[in-house]
Each structure stands twice: as C-alpha cells, then as structure tokens.
Amino acid sequence: MKKTLLSALAATMLLASCSDLKKPEEKDQLSEATADTAVVARTGETVEQAAENATASAENAADKAGNAVENAWDMTKAKLADEKLEEIDLPEVSVRSNDQYNVYGLDEKILFDTDKADIKPSATRALSEISASIARRYKGKDVRIMGFADSRGDKSYNKELSAQRAAAVKKWLISNGMMTDAQVTLEPMGEAAPAATNATAAGRQQNRRVEIAVRK
C-alpha cells in the first residue's frame, strides 16, 4: 500500500516538473522581470518602441522650444527707422518701424507725473491717436507695451515703476482702444536699453519712456 502511494506521489511530482518545463511562459514574468521588461509588461511596448517614443517626445519638445524662440519679441536688437504716419500728428508721439515691428513711443512726462504710474488726463489724445493707428493698420495683431526708466535710483525700484506704468497703459488701451487682454503683453525694461545717455538731464528724460510695439 505504501509503495503504491509513493509511486503515485512520485508520478505527480514528475508531471508537475514536466509542466514547468513545457510552459515557462505561464510563470509570473513581472516578478522576475528587469526594470525594462517590467515597463514593457505594463505598457505593452517593446524596449525599442519605448525608446522610439521617448525620442519622438524629445524632438516634439525641442520643436516647441524652437518655435517659442522664433516667435519671441526681440525689440532691444531690432533696427528701427523713423516713420511718418498720416494719422499721427502729435509731436510727442514718435513712430519707428522695420519689416517686423511698428513702435509708437511716448515720453514719460506726457503720460505720468514724476515717480507715478497713474496716466494723466492730458495723455488721452496721444494714446487715442496710437490706438486708432493700431486699429487701422494692425487690427488683431499682437501688441507689447514696454516701460523704461533712467539709471538714477535703485534698479529694482526702476523696474517695478516701469512695470506699473506699462500695466497702466495696457489697462487704458484695453478700456479705450479696442484691444483685448490676450492681445497685449507687458515687458518692464527698467534701466535696460536706454535711448540716450544717462549722463545728462536731457538724455535721462529720453530714457524715461513707454513704447507700444506691434508685431506686423
């Protein structure tokens, strides 16, 4: 009897062993997989496919970054020539342009009191001329407002003041100039890109300005 039971047990063990040898794919592969094959098991991708997809994602990201650089505003290096527009007749409004940009310039004293960021009531006519010109020639185009300061005082203060002044001009243009919030962006320049020397009072006056640029 014992002999019969031992024989039956041996036969069962032999069958189980043979089953393991014949069907190794039925084992729990995830528990024995390497990091790469575990990813493959979860995603259904081969290692080669995963690598190809990663490369494609990286290339897509690089393309987007390249487009962002290409579409960036680069006004500090732009070579602009003076231009006369028939609808701009105020001497305090300057206009410069090239094949990419049209830039309307306003002296600080036209727009603001010293160290203030509230637009003067007397600035309405100049801003109205500029907004009408943009609506006529560049309706719907991107607009960037840049605030500039002279080199006197603290740099951080100058940049903050130029940011507040640019924001005030944007608010006015949106409220009165038929522009949308998404259309208008800001760039507080502070002391950067002076238009004239900071060594003289006249030069510093030129540097305290706001420029409204339109990308054609």
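The values are calculated or read from the model by the stated rules, or taken from the named source; none is laboratory data. Remember, it's a predicted structure, so these values are computed and weren't measured experimentally. Cβ: placed from backbone, ideal geometry, glycine included. Neighbour counts: every protein chain shown.
Any residue that is farther than 22 Å from Asp115 by Cα and either assigned by TED's automatic domain parsing to the domain that holds Arg125 or at pLDDT below 95 (or both) - is there at least one of those in segment 148-170?
Quick first cut of segment 148-170, residues farther than 22 Å from Asp115 by Cα only: none.
No: zero hits.
Which residue, of Glu108, Glu129, is in the same structural domain as Pro194 (by TED's automatic domain parsing), closer than 12 Å to Gly177 by Cβ and either surrounded by 14 or more Cβ atoms within 10 Å (Cβ to Cβ) or in contact (Cβ under 8 Å) with a residue 40 or more places away in the chain (or both)?
Values: Glu108 fails: closer than 12 Å to Gly177 by Cβ.
None of the other options fit; the residue is Glu129.
Of all residues in segment 174-216 being assigned to a strand (DSSP E or B) and among the acidic types (Asp, Glu), which is nearest to the chain's Cα centre (by Cα)?
This residue is Glu187.
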Please identify the pairs in which a residue from segment 197-215 that is closer than 18 Å to Glu187 by Cα has its Cβ atom under 9 Å from the Cβ atom of a residue that is of a type in the set (Asp, Glu) and in a helix (DSSP H, G or I), counting only partners at least 6 apart or on another chain.
Asn207/Glu108; Arg208/Glu108; Arg209/Glu108; Val210/Glu108
Exactly one condition in (1) assigned to a helix (DSSP H, G or I); (2) within 24 Å of Asp82 (Cβ to Cβ); (3) among the aliphatic types (A, V, I, L, M) is false for Ile145; which is it?
(1)
